[in-house]
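Laboratory data are not the source of any read-out in this text; all were calculated from the coordinates shown. Remember, predicted model here, so these are calculated numbers, not experimental data. Here the Cβ positions follow ideal geometry from the backbone for every residue, glycine too, while neighbour counts run over all protein chains shown.
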Amino acid sequence: MLRKRIILPLLIAFSAITLNGCKVSYTFSGASIPPEAKTFSVQLFQNLASIVNPTLSNYFTEELKNRFLTQTRLAPVADFGDFAFSGQIVTYDVSPTSIQGNEIAAQNRLTIGVKVKFVNAIDPKQSFDKTFSQYAVFSSSQNFTQVEQALVQEIVEKLIDDIFNAAASNW
């Protein structure tokens, strides 16, 4: 009986001491952001594609900011955040993907490519400079101007997922 009174408190104290030394940050969004990181910054992504959608630059930039606002504990700053993003939209292209027997496209594809420079001030080894590309397919019977906004929203969501995962999920 005396043994149980001594061993149980010692076991609890030992567990508390060893577990207190380990610190891992988990979130429900899948992000694994170091606890030292407090801020993020996103510079305007200029549209340098050969075809320019006039609203894409602002829309993409705001969606990237919004993802970090809603799915991390990081606070936004104008410049030089612990997680800093900058870049350009480099591709905005509509091309046929599926040709019918009469050489008419059955489907078309809108592709958007974004060159992203990510600087991780806490762990510079996690920084990157790479291009992300996503697309959406639509029927050639649809008028592109009527489906463009929905396609852009779909593609930007995929791009933001890719960028967020590359920057904040070190799996």
Taking a crude spin-label model, label points 7 Å out from Cα along the C-beta direction, the Lys38 to Thr111 distance in nm is 4.3
Correct semi-axes for segment 89-158, from √(5λ) of the alpha-carbon gyration tensor and rounded to whole Å with the largest first, are 33, 12, 8
Peptides 154-164, 49-59, 140-150: what's the order by average Cβ count within 10 Å, highest mean first?
-> 154-164, 49-59, 140-150
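Determine, for each peptide in 75-83, 112-120, the mean count of other beta carbons within 10 angstrom over its residues, then list the peptides with the highest first.
Ranking the peptides 75-83, 112-120 by packing returns 112-120, 75-83.
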Pulled fully out, how much extra length does the chain show between Thr97 and Asp162, if you take 0.36 nm times their separation in residues and subtract their Cα-Cα distance?
-> 21.1 nm
